[in-house]
Amino acid sequence: MTIDLKDLHRDMTAWRHDLHAHPEFGFEEKRTSSFVAAKLLEFNLDGVAEGVGGTGVVGTLKRGTGNRAIALRADMDALRINEQGDHAHRSQNPGVMHACGHDGHTAMLLGAARILAQEGGFDGTVHFIFQPAEEWGKGALAMLDDGLLQRFPFEEIYGLHNLPGLPVGHFETRAGAIMSAEDNFEIVLKGVGGHAARPHWGNEVLVAACALVTSLQTIVSRRLSPTDVGVVSVTELITDGTRNALPGLARILGDARSFHPKISATIEKQMRTIAEGIALAHNVTAEVTYTREFIPLLNDAILVEEAFAAARTVFDPGEVRVADEPMTGSEDFARFLQHVPGVFAFVGNGRDSAPLHNPQFDFNDQGLLDGARFHAAIVRQRLPPSA
Ligand SMILES: [Zn+2]
Ligand SMILES: [Zn+2]
């Protein structure tokens, strides 16, 4: 039975507003995951598993006799931001808001589940994955560690994110790197603080810290190839000094982005070398802690063409484009792509949209139906019904 798209859009908008008004932080998505599971049960899916990787939900739908399986993924978590918008569906949880549009992504995937459950049009298995804690970069791993691939095996995975600045009705992605790795670092310098008037009696750390901040800028400019892409940003410099006392302790914190594990490794290695050298030159000690929060997101080249073909059946073909360049934002979806090939793509949230993670941001409801229909289209294309 063909679904009434106008009815579906009205329902999806209501779900999205409900989710937006009740945002929950990563791994605390209790209401959200109950909402999702209740909808999936209402659509008569073949299976609905809750509590996968904490607060994750997986819905499973089977049609025909095919033994191929693909996964579609949405994220459910919100951010610790105080919403400033004044629309009727604004956040009712002070200090938490859907500032990244994960309410919209969840509603789009629910819409796809309803279309495919009601209309079918494919042969095989679809897993609808609703992941927790994307913003932490921890939710995908939590689901994988909870046996996602063994319990719900699939061969390909697809995900969508909204993109402010891109008009509604536009679709973009690209083969290879599309979202960056995010590494975090902390460098602790230790010396001997003392009187501001007698620096030679101790080994203060501030001059060393300033030299180190400056030298870290040579990693990208002098250690990476001009064709490699990377960013090293020092975001904090904190000392225990005060007006007339030189510090004996300094902490330098920051964030590095890149699109290849090899570049991330080079950045870490050079950071350690520079920190040791500067510390030695200033007679202080340096301790470097370097962590990888997100890995680069690499789209499969062949499946990207499949995604474009599916998108052209939903969007105006003239508005389905190859993204000009990768983005230096990061995405937890990359963890799934370490195990199976797949595609992460962007749908427009409008030219006038506030930026992601901005207190004025709101997902654009006009894009809901396109997203749900793209999810359904890629399933039908990759799991075609047998003739
Ligand atoms: Zn985000
Ligand atoms: Zn996001």
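The values are calculated or read from the model by the stated rules, or taken from the named source; none is laboratory data. What you see is a predicted model, and the numbers here were worked out from it, not measured in a lab. FYI the Cβ positions are ideal-geometry reconstructions off the backbone, even for glycines, and counts take in every protein chain you see. Heads up: the accessible areas ignore ligands, DNA and RNA and are worked out on the full protein's heavy atoms, side chains in. Shrake-Rupley method; radii C 1.70, N 1.55, O 1.52, S 1.80 Å.
In the chain, with Lys and Arg counted as +1 and Asp and Glu as -1 at Cβ, which of these residues, Asn203, Val379, Ile115, has the Cα nearest the positive end of the dipole, that is, farthest along it?
Of the options given, the answer is Asn203.
Take the chain, drop everything but the C-alpha atoms, weight them equally and run the Debye formula without solvent; then report log10 I(q)/I(0) at 0.07 Å⁻¹ to two decimals.
Treating every Cα as an identical point scatterer, log10 I(q)/I(0) equals -0.38.
List the lysines whose alpha-carbon lies under 25 Å from that of Lys190, not counting same-chain residues fewer than 8 positions away?
Straight-distance partners of Lys190: Lys269.
For region 188-256, what is the accessible area per residue in Å², given a 1.4 Å probe and the full set of protein chains?
Value for region 188-256: 57 Å² per residue.
Gain in length, Gln338 to Asn67, computed as 0.36 nm per residue apart minus the alpha-carbon separation, to one decimal in nm?
Stretched out fully, the Gln338 to Asn67 stretch lengthens by 95.3 nm.
For an R0 of 45 angstrom, estimate the FRET efficiency from the Cβ-Cβ distance between Ser225 and His200 and round to the nearest 0.05.
My answer for the efficiency is 0.60.
Cα to Cα, under 29 Å, and not fewer than 8 places away if on the same chain: which lysines meet these conditions relative to Lys6?
Once the sequence-local lysines are set aside, what remains near Lys6 is Lys39, Lys62.
Once amide H atoms are placed 1.01 Å from N in the peptide plane, what residues at a sequence separation of 5 or more from Gly56, or on another chain, have their amide H within under 5 Å of its amide H?
Those lying under 5 Å, H to H, from Gly56 are Gly51.
Between Thr285 and Ala245, how many nm apart are label points set 7 Å from Cα along the C-beta direction?
Computed distance between label sites Thr285 and Ala245 equals 2.1 nm.
If region 181-294 were replaced by its equivalent ellipsoid, with semi-axes equal to the square roots of 5 times the Cα gyration tensor eigenvalues, what would those be, largest first, whole Å?
Each semi-axis is the square root of five times an eigenvalue, giving 29, 13, 10 Å.
Can you give me the angle between helix 368-382 and the longest principal axis of the chain, using Cα atoms only, in degrees from 0 to 90, rounded to the nearest 10?
80 degrees
Pull up all non-local amide H partners of Gln360: gap of 5 or more, or a different chain, and H-to-H distance under 5 Å with H placed in the peptide plane.
Answer set, sorted by chain and number: Gln84.
Fully extended, how many nm does the chain gain between Lys190 and Arg90 (0.36 nm per residue separation, minus their Cα-Cα distance)?
My answer for the length gained is 31.3 nm.
Could you work out the helix-only [θ] at 222 nm for the chain, with each DSSP H run of four or more residues adding -39,500 (n - 2.57) and the total divided by the number of residues, to the nearest 500 deg cm²/dmol?
About -10000 deg cm²/dmol.
Where in region 340-362 does the amide nitrogen come within less than 18 Å of the point 7 Å from the Cα of Asn82, taken along Cα to Cβ?
The answer is 357-361.
I'd like the accessible area for Ser386, computed on protein heavy atoms only with a 1.4 Å probe and all protein chains in place. Round to 10 Å², please.
90 Å²
Once phi is turned into ³J(HN,Hα) by the Karplus curve 6.51 cos²θ - 1.76 cosθ + 1.60 with θ = phi - 60°, what whole-Hz value does each residue of region 296-312 show in order, with x for glycine and proline?
x, 9, 10, 6, 6, 4, 6, 5, 4, 5, 5, 5, 4, 4, 5, 5, 5
Keeping the other protein chains in place, figure out the carbon and sulfur percent of the accessible area of the chain, with a 1.4 Å probe.
51 percent
Please report the equivalent ellipsoid semi-axes of region 71-229, computed as sqrt(5 x eigenvalue) of the Cα gyration tensor, largest first, in whole Å.
Result for region 71-229: semi-axes of 46, 22, 18 Å.
For the pair Lys30/Leu237, report the inter-label distance in nm, with labels modelled 7 Å from Cα in the Cβ direction.
If labels sit at Lys30 and Leu237, their model points lie 4.5 nm apart.
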